[in-house]
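A quick write-up on the structure given underneath.
The values are calculated or read from the model by the stated rules, or taken from the named source; none is laboratory data. Just so you know, these numbers come straight off a predicted model, no measurement behind them. Positions of Cβ are backbone-derived with ideal geometry, glycine not excepted, and every protein chain shown enters the neighbour counts. Please note that ligands, DNA and RNA were not included when accessible areas were found on the heavy atoms of the full protein model with its side chains. Shrake-Rupley method; radii C 1.70, N 1.55, O 1.52, S 1.80 Å.
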Amino acid sequence: MSDIELVEKQLELKMQGKDWRALDKALVTFFREQQQLEPALALMIGQCSFALSAGHLCLPLRLMPQYSEQEWLDCMALYPDLIQLNENTNQPFVYANNALYMRRYFSYQQQIALYLQQSSERSQQLRQAIDPALLSRLLEPLFPATDVPDWQRLSCAIAASSSFSVITGGPGTGKTTTVVKLLLVLQQLQQQQGAAPLTIQLAAPTGKAAVRLRTSIRTTLDKLPAPAEIKSQVPTDVSTLHKLLGARAQSRQFKQNALEPLALDLLVVDEASMLDVELMAALLSALPVHARLILLGDKDQLASVEAGALMAELCQWAEQGHYLAETATWLNQLSAAAIPAALISATGKALEQQIGMLRVSHRFDPQSGIAKLAHAVNAGLSAEVAAICRADYADLQYLDATDFKQLKNFVLTGQAKSQREDAAGFSFYLNTVRQSPPLEAEDQLIDLWAQQVLADFSAFQLLCAVRQGPLGVEQVNLSVEKMLHQAGLIQQSCHWYAGRPVMVTQNDYALGLMNGDVGICLLRPYQGKPMLAVAFAAEDSSKAVRWVLPSRLQQIETAYAITVHKSQGSEFRHAVLVLPEHFSPVLSRELIYTGITRAAKLFSLICGKADLLALAIEQKVQRYGAVRL
């Protein structure tokens, strides 16, 4: 079979098979009709489109072995109206960096890269304008001197002297604490310099993450030593990014953009690992030229479901520091302990000087099971992971199970072979559901009860790696409903019932609900009669919850079990990770790590095959395309 015949056969299989999405096939069909494409280029365009579904920004030519690079270039050159090879025109596809891009994603990549370059230049100017002695005096009350590097203090200093900065760290390392202290320092700098207070906005990718950040900031702010006047200049309300930018229904466009920029001086975005390049590009377009941007997040978590791995890419050298000597010298003026020599490098790039990494967890004892397991997974140490899972740690449970039906008692109580402190099952929140206020109760009392139900629900969460199969989200949710019904904890007489947890699966701008928001269906008193309504956490800090009628919720699914991807931005007292029976491409080191670090007190792993866990840890996510050009 000739090369041409082989390509034609591959194209035919892709168009008839299940590998490509309907969207990829439709795109190929459209351009073949419009441009009369050769089969080789049709195959390439289909693969480029399909690559986006795997999170890649582009299709590297080395992944298309059918022809040599020069042969592909010759082929692309035959269609100058379709693919940009040299001059910057407006073709739908772009060849650059030895890869094929869809123009939109190439533009996002270029826009972010340009911003990073310009922010580095602005950061150098900003650092030169700051008096290190003044900054040190402002840092001192918030970060008392230590004989070892205080990475919260150092990260605060880096961000205070940067136009754009990233503060990264694992769970419990104090990202929120650091940024609250940073905002206090920046407002005091403004005051010392006789300037007006900064206009600050706080945002997160999802409603859950926004509510968590709001609660954390309020708690932290109350405890810090700072004048009341300065504290009042630090906002505590947090918006979702889509709400902040003014998302438009049925459109990729936002109300806030380059022509209508955001009215702010500083923007803080939490859970930045969930940012994809499209949303980041929209955010940068709406950011005023003078404004600072601070990203918070865990570089080791799963990347966004959409294309790009922004946080991981920005922080690829964070572990090693890569601080230039002049950066280290500047930071040493602000710290009692010097930057370790191992973190100083003559080859450090400009962006590394704007990255702060928090290295000490205050949530987990370094000797705890969760801390050890998360570290071993991140390091790819499969044998060590297996040993930790089998060891007797108070905060870990390992369940060797391949059939979810074995786990009835575990689902109800959260306890496996022995009694564990902080273990919680679904019976915990369902007991609160039963304690509904009387029919004549006031709205405030009803709202506080619903708020407590939502809080208690976060005590226990099942996390699945996959959607389909016996141990996938869909089947596990059905199994849990059956178990709870048999135990008399829910009255499952119809689709909607008191206690049903649901997750929004698609942004609903009319209701103000975002993909990933979780609510609980409750039988609430209303005008002296019981009525089913779904309670969601209120984004507005003046309210306890917000109520939505079930009939208005179209894009939702039951949420006893959710995917690990959907759990990002959440924390559960007891998190349970359920691995599938067989290996799946979605299994990766990042997925396992993200599942573990959703747990605040207790983590349980349900895995029937130890070799599958080892294989998952060996898979490290790699996405093609780079915003650091």
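Tabulated data
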read-out	value
Residues located in segment 406-427, provided they are modelled with pLDDT of 70 or more and either basic (Lys, Arg) or surrounded by fewer than 17 Cβ atoms within 10 Å (Cβ to Cβ) (or both)	GLN406, LYS408, ASN409, SER427
Residue under evaluation GLY528, criteria (1) surrounded by 18 or more Cβ atoms within 10 Å (Cβ to Cβ); (2) touching a residue at least 60 places away in the same chain (Cβ under 8 Å); (3) farther than 23 Å from VAL564 by Cα, criterion not met	(1)
Those residues of segment 76-122 which are out of contact with any helix residue (DSSP H, G or I) (no Cβ under 9 Å at 6 or more places or on another chain) and of a type in the set (D, E, K, R), in sequence order	GLU87, ARG103, GLU121, ARG122
Tally of residues being over 27 Å from the mean Cα position of the chain (by Cα), open to solvent by 40 Å² or more (accessible area, probe 1.4 Å) and closer than 19 Å to ALA291 by Cα across segment 185-223	6
Residue count, segment 279-298 (criterion: open to solvent by 30 Å² or more (accessible area, probe 1.4 Å) and either under 13 Å from the mean Cα position of the chain (by Cα) or not β-branched (Val, Ile, Thr) (or both))	3
Residues located in segment 532-545, provided they are modelled with pLDDT of 90 or more and either in contact with a Pro (Cβ under 8 Å, 6 or more places away or on another chain) or surrounded by fewer than 20 Cβ atoms within 10 Å (Cβ to Cβ) (or both)	LEU532, ALA533, VAL534
Filter result for the condition that a residue is open to solvent by 20 Å² or more (accessible area, probe 1.4 Å), among the charged types (D, E, K, R) and modelled with pLDDT of 90 or more, over ARG598, ARG573, ARG628	ARG573
Close pairs (6 angstrom Cβ cut-off, 6 or more residues apart or separate chains): closer than 14 Å to ILE294 by Cα in segment 110-121, at pLDDT 95 or above and not hydroxyl-bearing (Ser, Thr, Tyr) anywhere	TYR115/LEU284; SER119/PHE164
Matching residues, segment 18-28, being among the acidic types (Asp, Glu) and open to solvent by 60 Å² or more (accessible area, probe 1.4 Å)	ASP19
Lone qualifier among VAL234, VAL238 - being over 16 Å from GLU271 (Cβ atoms), open to solvent by less than 30 Å² (accessible area, probe 1.4 Å) and of a type in the set (A, V, I, L, M, F, W, C)	VAL234
Segment 16-57, residues that are in contact with a Gly (Cβ under 8 Å, 6 or more places away or on another chain) and not acidic (Asp, Glu)	TRP20, LYS25, LEU27, VAL28, GLY55, HIS56, LEU57
Tally, over segment 337-389, of residues that are open to solvent by less than 70 Å² (accessible area, probe 1.4 Å) and over 26 Å from the mean Cα position of the chain (by Cα)	11
Every residue from segment 270-297 that is assigned to a loop (DSSP other than H, G, I, E, B) and not hydrophobic (A, V, I, L, M, F, W, C)	ASP270, GLU271, ASP276, PRO288, HIS290
Count of residues meeting criterion [farther than 21 Å from LEU11 by Cα, of a type in the set (S, T, N, Q) and not in a strand (DSSP E or B)] in segment 63-96	5
Some residue of segment 575-586 being at negative phi and touching an Asp or Glu at 6+ places or on another chain (Cβ under 8 Å)	no
Segment 172-189 residues that are in contact (Cβ under 8 Å) with a residue 40 or more places away in the chain, paired with ones that are among the aromatic types (Phe, Trp, Tyr) (beta carbon under 6 Å, 6 or more apart)	GLY172/PHE364
When residues of segment 29-71 are limited to those that are surrounded by 15 or more Cβ atoms within 10 Å (Cβ to Cβ) and among the aromatic types (Phe, Trp, Tyr), the one nearest to the chain's Cα centre (by Cα)	PHE50
Residues of segment 438-488 classified as of a type in the set (Phe, Trp, Tyr) and in a helix (DSSP H, G or I), total	2
Filtered residue count, segment 263-278, keeping only those that are farther than 20 Å from GLN190 by Cα, buried (at least 22 other Cβ atoms within 10 Å of the Cβ) and more than 9 Å from the chain's Cα centre (by Cα)	2
Sole residue being within 17 Å of PRO580 (Cα to Cα) and either modelled with pLDDT of 90 or more or not aliphatic (A, V, I, L, M) (or both), chosen from LEU484, LEU463, LEU454	LEU463
Flag if TYR105 is modelled with pLDDT of 90 or more, aromatic (Phe, Trp, Tyr), open to solvent by 10 Å² or more (accessible area, probe 1.4 Å) and in a loop (DSSP other than H, G, I, E, B)	no
Boolean, ASN98 is open to solvent by 80 Å² or more (accessible area, probe 1.4 Å) and modelled with pLDDT of 90 or more	yes
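To keep it simple, each residue is scored yes or no on (1) crowded, with 24+ Cβ neighbours inside 10 Å; (2) acidic (Asp, Glu); (3) free of Cβ contacts under 8 Å to residues at least 24 places away in the same chain.
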| site | (1), (2), (3) |
| --- | --- |
| GLN461 | yes, no, no |
| GLY469 | no, no, no |
| VAL473 | yes, no, no |
| GLU481 | no, yes, no |
| GLY488 | no, no, yes |
| GLN492 | no, no, yes |
| TYR497 | no, no, no |
| THR505 | no, no, no |
